[in-house]
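This report concerns only the one structure given below.
The values are calculated or read from the model by the stated rules, or taken from the named source; none is laboratory data. Note that the structure is a prediction, hence the values are computed from the model and not measured. A quick note on method: Cβ atoms are made from the backbone with ideal geometry, for glycine too, and the neighbour counts reach across all protein chains shown. Each accessible area value is taken on the protein alone, full model and side chains, heavy atoms only, with ligands, DNA and RNA left out. Shrake-Rupley method; radii C 1.70, N 1.55, O 1.52, S 1.80 Å.
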Amino acid sequence: MLTQSNILKLIEAWEGQSTEFKREFTTDPIRESLVAFSNDYMEQDGGVIIIGVDPKTKAIVGIDGSSDELMQRITGLCRDGNIVPTLAPEMYTVQMDDKEILVVEIKKSGRRPHRSNNICYIRIGSLNKKATPDEEFDLVRRSGRIPFDLAPIREAGLEDLDFTKFEQE
């Protein structure tokens, strides 16, 4: 859980590999960031989205409306079928300069790769980018989830191979 002091340090350092600031809730950019941080391509142990900080001025502006409603909207993004597999980030509010901001912490997922609207996003520096097929395969490999057809069969021997078929193909 981030403290006021931690958040001020993050604002000073600004956006990067594991930090993103949003002035307000915006569906697609937040969904893409959730996915990119959970995919954690650069192995930073996830990331954090802080809503209520103006990206242009770095000013703390706070969130509009109810924090509970905003958390429900983000939970909805994580579970509405547009993020696959689903996510469950940790969310909480922090009072800063008499304003309430929302912190959304996303851990590196063991179920990588995640996709938003069928697109796999990864975080490169301070940007969310569409993963290449090689990057996506690397996420699968690093998560330890090897597709069935690529998994070794340890008990198989040479007698199980069809060398004639292999030579024909």
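Okay, here's what the table says:
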read-out	value
Helices (runs of 4 or more DSSP H) lying entirely in the range 1-107 (those with 2 or more residues that are open to solvent by 40 Å² or more (accessible area, probe 1.4 Å) and of a type in the set (A, V, I, L, M))	4-13
Any chance residue 99 is touching a strand residue (DSSP E or B) at 6+ places or on another chain (Cβ under 7 Å) and not acidic (Asp, Glu)	yes
Residue match in the range 43-61 (condition: of a type in the set (D, E, K, R), farther than 26 Å from residue 99 by Cβ and more than 12 Å from the chain's Cα centre (by Cα))	no
Residue among 122, 101 that is in contact with a Pro (Cβ under 9 Å, 6 or more places away or on another chain) and of a type in the set (A, V, I, L, M)	122
Among (1) out of contact with any helix residue (DSSP H, G or I) (no Cβ under 8 Å at 6 or more places or on another chain); (2) over 29 Å from residue 137 (Cα atoms); (3) of a type in the set (A, V, I, L, M) - the single one residue 36 does not satisfy	(2)
Cross-chain or 6+ apart pairs with Cβ under 9 Å, the range 130-155 first and basic (Lys, Arg), then open to solvent by 100 Å² or more (accessible area, probe 1.4 Å) and modelled with pLDDT of 80 or more	145/111
Candidates 60, 83, 122, filtered to the one that is touching a Phe, Trp or Tyr at 6+ places or on another chain (Cβ under 6 Å) and closer than 30 Å to residue 3 by Cα	122
Residue list for the range 127-166, filter: farther than 21 Å from residue 77 by Cβ and among the polar types (S, T, N, Q)	132, 143, 164
Tabulated pairs, the range 32-60, first of a type in the set (Ser, Thr, Tyr), second buried (at least 22 other Cβ atoms within 10 Å of the Cβ) and at pLDDT below 95, C-beta under 8 angstrom, 6+ apart or interchain	38/112
Selection from the range 118-151 of residues that are open to solvent by less than 80 Å² (accessible area, probe 1.4 Å), at pLDDT 90 or above and part of a loop (DSSP other than H, G, I, E, B)	120, 125, 126, 131, 132
